[in-house]
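**Student:** Mind looking over this structure? Questions follow.
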Amino acid sequence: MDFELGTRADELRERLRTLVRQHFPPTFLGAFTDDPADLELTEQFCRLLATERLLCLTWPAEYGGNDGSVWEQTVVREEMWAAHEPRGAQYMGVNWVGPAIIRHGSKAQQAKHLPPIAGGEVIWCQGFSEPEAGSDLASLRTRAVPQSDGGWRVTGQKVWTSYATMAQWCVLAACTDPQARTSARLSLFLIPMDRAGIQVRPIPAMLGPHHLNEVFLDEVEVRPDEILGVEGNGWAIIRDALAYERVGIARYARCESLLDRIRAELGDSFAALPDSLLTRWARAKVDLRSARLLAYAAVADQDDGIDPAAAAAARIATTLCDQTVAELLMDIMGGDGLRSGADAPIHGAAEDHWRYAQAATVASGTIEVQKMLVARQVLGGR
């Protein structure tokens with residue numbers, strides 16, 4: 001496999017970096033801060049990317065994409081994550097909701113939902129995890145009861161739902177047949193967040209605003225045309241969608257950027273660091289390149305659907321690197337690493353990264369679940 005992305009990719013990287021430099025200050029650390037202006041800035045930037053057909057460039061042109069290659073989209077996600085994700089909350093819709101609708105949605109659903117996502121006009125959230133069903137989604141209890149008109153009534157609770165306070169739409173997982181085998185219990189629905197019976201309660205957390213929420217559903221009406229795919233096929237779509245999500249979170253690019261930034265900021269004093277820290281810095285660089293190549297191996301077959309085990313392997317490597325780099329940065333900077341704000345080392349990016357890294361091996365499925373996926377592939381399903 002040739003991992004060299006070529007001149008066209010290099011030109012796209014420079015184009016994206018130029019756009020980021022033009023529209024974001026060097027102190028930008030993401031959309032989800034206490035300053036509402038940061039979120040607004042990312043929403044404006046998404047619309048700019050959309051006008052240049054860069055937000056969803058692999059999608060068909062008829063839906064607002066640019067018929068680009070999976071490698072071009074890989075360049076976009078790497079550059080965005082390296083710059084603290086200036087697309088803000090769009091990654092959910094861009095990374096996996098859109099691809100899931102392309103692969104499993106009806107023509108009417110594609111026409112309705114894909115152009116707004118590609119245009120940077122809508123935010124999606126993911127109604128999967130529950131208080132007693134996190135990584136074990138197959139056991140979730142939210143119930144969708146069939147109605148005489150062909151629709152459903154949904155009652156239940158979701159938790160850890162990122163962006164729920166700001167999202168216009170939700171991909172909701174619910175049990176449509178509690179008596180069916182595990183793989184046929186669940187169905188997915190595309191429902192608006194302003195639907196009667198939906199209540200959102202934010203969960204305070206050190207990750208900042210908008211990230212974590214509880215969602216309560218009380219006899220929520222779901223229409224017949226709002227099911228994604230067919231009834232009982234939700235688990236298969238979830239496995240497919242989560243593979244796209246896990247590959248789409250290119251946090252290895254952010255980690256590499258942070259290592260390069262701290263070296264540049266320290267200047268000549270970087271070489272004076274203890275040998276143990278310099279060795280860890282070099283080892284982290286190597287580990288990040290390995291994580292990148294594992295992600296590329298998964299992306300290489302994306303046209304035929306991402307292998308969940310390949311995505312899991314990439315996710316394992318990336319999340320471990322996340323935490324390794326977070327600890328390394330703190331050890332290099334000492335007490336200064338805990339400072340936040342524009343006057344802190346690398347503008348507080350180390351402290352920001354350290355907070356996020358604490359949950360890296362839990363988010364998007366725990367690392368233990370990822371290891372199980374890889375083990376089943378290697379051991380032939382035993």
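Every number in this text was worked out from the coordinates using simple rules, so none of it is lab data. Fair warning: this is a prediction, and the values are worked out from it, not measured in the lab. We place every Cβ from the backbone using ideal geometry, glycine too, and count neighbours over all the protein chains shown.
**Student:** Mean residue ellipticity at 222 nm from the helices of the chain, using -39,500 (n - 2.57) per DSSP H segment of n ≥ 4 over the full residue count, to the nearest 500 deg cm²/dmol?
**Tutor:** After summing the helix terms and dividing by residue count, I get -14500 deg cm²/dmol.
**Student:** What is the sum of charges, Lys and Arg at +1 and Asp and Glu at -1, for the other residues whose Cβ falls under 13 Å from the Cβ of THR279?
**Tutor:** 0
**Student:** Same structure again: Take the Cβ-Cβ distance between ALA236 and ALA196 as r, set R0 to 25 Å, and report the resulting FRET efficiency rounded to the nearest 0.05.
**Tutor:** 0.25
**Student:** Once the piece of chain linking GLU132 and ALA61 is laid out straight, how much longer is it, given 0.36 nm per residue of separation minus the C-alpha distance between them?
**Tutor:** Once the chain is fully extended between GLU132 and ALA61, it gains 21.4 nm.
**Student:** Given the Cα atoms of the range 165-286, and with Rh set as the inverse mean 1/r over their pairs in the Kirkwood sense, what is Rg to Rh to two decimals?
**Tutor:** We get a ratio of 1.20 for the range 165-286.
**Student:** Which of ALA310, ALA360, ALA271 ends up with the largest GNM mean-square fluctuation for the chain, with Cα atoms connected below 10 Å?
**Tutor:** ALA271
**Student:** Ok, one more. What do you get for trypsin sites (Lys or Arg not before Pro) in the range 107-184 restricted to DSSP loop and a cutoff of at most 12 other Cβ within 10 Å of the site's Cβ?
**Tutor:** Passing both the DSSP loop test and the Cβ count: ARG181.
**Student:** Take peptides 248-257, 42-51 and line them up by average Cβ neighbours within 10 Å, highest first, as a rough protection proxy.
**Tutor:** Packing proxy ranking, top to bottom: 248-257, 42-51.
**Student:** Pop a pseudo-label 7 angstrom from the Cα along the beta-carbon direction at both GLN377 and PHE270 and give the gap in nm to one decimal.
**Tutor:** For the pair GLN377/PHE270, the computed spacing is 3.3 nm.
**Student:** By counting other Cβ atoms within 10 Å of each Cβ, how are SER340, SER162 ranked from fewest to most?
**Tutor:** Ascending number of Cβ neighbours within 10 Å: SER340, SER162.
**Student:** Between ARG181 and ARG47, what is the spin-label point distance in nm, taking each point 7 Å from the Cα along the Cα→C-beta axis?
**Tutor:** In this crude label model, ARG181 to ARG47 measures out at 5.0 nm.
**Student:** Here's another thing I want to ask about it. Assuming a viscosity of 0.692 mPa s and a temperature of 37 °C, what translational diffusion coefficient in µm² per second does Stokes-Einstein assign to the chain, Rh being the Kirkwood radius over Cα pairs?
**Tutor:** Approximately 152 µm²/s, per Stokes-Einstein.
**Student:** Count the lysine pairs in the chain whose Cα atoms sit under 30 Å apart, keeping only pairs 8 or more residues apart in sequence or on different chains.
**Tutor:** Lysine pairs, 8 or more places apart or on different chains, close enough: 4.
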